[in-house]
1. Where only protein heavy atoms count, and the probe is 1.4 Å, what is the accessible area per residue for segment 1-76 in Å²?
2. For segment 22-100, with all protein chains present and a 1.4 Å probe, just round the carbon and sulfur fraction of the accessible area to a whole percent.
3. Can you tell me how much longer the chain between Ile43 and Asp56 gets when fully stretched, taken as 0.36 nm per residue apart minus their C-alpha distance, in nm with one decimal?
4. Relative contact order of segment 3-91, please, whole-number percent, based on alpha carbon pairs below 8 angstrom and at least 6 residues apart.
5. Grab the Cα-Cα distance for Leu94 and Asn75, subtract it from 0.36 nm times how many residues apart they are, and report the gain in nm with one decimal.
6. Calculated FRET efficiency, Asp106 and Gln25, Cβ-Cβ r, R0 22 Å, to nearest 0.05?
Amino acid sequence: MKTGFIIVMGVAGSGKTTVGELLAQRLGWNFYDADAFHPADNIAKMANGTPLNDADRAPWLAALHALISTSLKENRPAVLACSALKESYRQELLRGNEGVQFVYLDSERHPFRHLGTGRRSEPRGRRHCEVRRPIPGPGVAERE
């Protein structure tokens, strides 16, 4: 299978955007940040410190799925920085899309994890950057 789309995933502050931008630049591919695809209501909730639930994330996941599908169909390879932490979210992004690969950034091993997020465009408050439970890496079963 030829890869035409790479999703760089991990928790907040793991370096998804930095690694994704560098990877896309090196490959000569387009780069997208999943945060830019949240509807205005989600951005407002995150800014107010309200966590998103699965229903809130549904339109966001649909927009990301459409981006991936269109990019693959139009042969426009791309890299997407996206948390994609739940297996069900990853399955939704993959549905019907062949040629997608995931790169998992393990923040526990990230050499700069002590620096925090520090992103100017970060839509959520600092408290949302904390990991409330361990996030299983690819291939590890999740409890929903």
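1. Here the residues of segment 1-76 average 52 Å² of exposed surface.
2. 53 percent
3. Details: separation 13, 0.36 × 13 = 4.68 nm, distance 1.04 nm.
Once the chain is fully extended between Ile43 and Asp56, it gains 3.6 nm.
4. 54 percent
5. Fully extending the segment from Leu94 to Asn75 adds 5.2 nm.
6. It comes out at approximately 0.45.
The values are calculated or read from the model by the stated rules, or taken from the named source; none is laboratory data. As the structure is a computational prediction, the values presented were derived from the model and not from experiment. Note that each Cβ is placed from the backbone with ideal geometry, even for glycine, and that neighbours are counted across all protein chains shown. Remember, those area values only see protein heavy atoms, side chains included, never the ligands or the DNA or RNA. Shrake-Rupley method; radii C 1.70, N 1.55, O 1.52, S 1.80 Å.
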